[in-house]
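> After the structure tokens below, expect a handful of questions from me.
The values are calculated or read from the model by the stated rules, or taken from the named source; none is laboratory data. Everything numeric here is computed off the predicted structure, so don't read it as measured data. Methodologically, a virtual Cβ is constructed for each residue, glycine included, from the backbone with ideal geometry; neighbour enumeration extends over all protein chains shown. Just so you know, the surface numbers come from the protein's heavy atoms only, side chains and all, with ligands and any DNA or RNA stripped out. Shrake-Rupley method; radii C 1.70, N 1.55, O 1.52, S 1.80 Å.
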Amino acid sequence: MADIRITGRMVNFTRLTFDTNDHDAIRQQLTSIMSETSYQGALVIIDTTVEQELIALIQLIISLDLQPMAVIDGLLGDQARAIQFPVLPSDRPLQRIKPTKEQVVETPVKQPDAPTKIATADKPKTLSHATSYHDEILRTGQCIVQDHGDVILNAGINSGSEVIASGNIHIYGSVRGRVIAGAGGNTTARIFCHSLEAELVSIAGTYCVADDIPQDVIKKAVQIYLNDQQELVFEALQF
């Protein structure tokens, strides 16, 4: 009997890209992000656009209840190899474009009841939900990213393009690129499109590549969501 078994499992990785090496700023921003979403315990891949001290950065990330698993090759590659930390090859950068329009809705956060106290000038806490709207076809090499809400595209997306949202994604056209909803772990997110021909679809880290998409929904209007077993469901839409 063999002593080694190889099995497969779908694992959700979140990519963190740092544009600063100020650890106080990183801690503050990550703490704020994690207070609004379900990132606690997430497996993360580290990338950076500025010089970093890798070991200190890893320790900081762990202290925030995240699990660093690897770095993207580049500025951190040599440091990672020196400590035998995993290094992933860098990917071809996409051009991140601005959507045609963005709408942000601020929702007050209900505070727990507390004893009456003298009114202060403290600003009430709110949660922001953004919706990005784009009216043109997303071309090869382009991407639209919405970290705090939904994306609505009034045209299709070409192969080699990418749409990423922490919430839902609606595409009123043909989908030939990569569509990633629920980024950061939102398992209730959904994808809606008029014609599904995607290279990859993903919700909260559970993904399906083109060859595995059910043939009966190819080039059809579809909604995609996760069932109770965290499996992708492709459901044809009837008009």
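> For Ala189, all conditions in the list (1) in a strand (DSSP E or B); (2) within 17 Å of the chain's Cα centre (by Cα); (3) surrounded by 18 or more Cβ atoms within 10 Å (Cβ to Cβ) hold save one; what is the number of the exception?
Ala189 satisfies all of (1) in a strand (DSSP E or B); (2) within 17 Å of the chain's Cα centre (by Cα); (3) surrounded by 18 or more Cβ atoms within 10 Å (Cβ to Cβ) except (1).
> Still on this structure: Residues of the range 192-217 being part of a strand (DSSP E or B) and open to solvent by 70 Å² or more (accessible area, probe 1.4 Å), which ones?
Residues satisfying the conditions are His194, Tyr207.
> Continuing with the same structure: Can Ile58 be described as at pLDDT 95 or above and under 21 Å from the mean Cα position of the chain (by Cα)?
Here the answer is yes, as Ile58 does meet what is asked.
> Oh, and also: Name every residue in the range 54-93 that is more than 24 Å from Ile33 (Cα to Cα) and among the β-branched types (Val, Ile, Thr), in order of residue number.
Selection gives Ile83, Val87.
> Filter the range 168-178 for residues that are at pLDDT 95 or above and under 13 Å from the mean Cα position of the chain (by Cα); which is most open to solvent (accessible area, probe 1.4 Å)?
Asn168
> Now a separate question. Can you work out which of the residues in the range 70-106 that are touching a strand residue (DSSP E or B) at 6+ places or on another chain (Cβ under 7 Å) and part of a helix (DSSP H, G or I) is farthest from Asp135 (Cα to Cα)?
Among residues in the range 70-106 that are touching a strand residue (DSSP E or B) at 6+ places or on another chain (Cβ under 7 Å) and part of a helix (DSSP H, G or I), the one farthest from Asp135 (Cα to Cα) is Arg81.
> A follow-up question, please. Just to be sure I understand the filter: pairs with C-beta atoms under 6 Å, separated by 6 or more residues or on different chains, first member in the range 67-83 and closer than 13 Å to Asp47 by Cα and among the polar types (S, T, N, Q), second member assigned to a helix (DSSP H, G or I) and open to solvent by 10 Å² or more (accessible area, probe 1.4 Å). Which pairs pass?
none
Table: residues versus (1) of a type in the set (D, E, K, R); (2) open to solvent by less than 30 Å² (accessible area, probe 1.4 Å); (3) modelled with pLDDT under 95.
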| site | (1), (2), (3) |
| --- | --- |
| Gln28 | no, no, yes |
| Glu36 | yes, no, yes |
| Val44 | no, yes, yes |
| Thr49 | no, no, yes |
| Leu75 | no, no, yes |
| Ser90 | no, no, yes |
| Glu102 | yes, no, yes |
| Val109 | no, no, yes |
| Ile118 | no, no, yes |
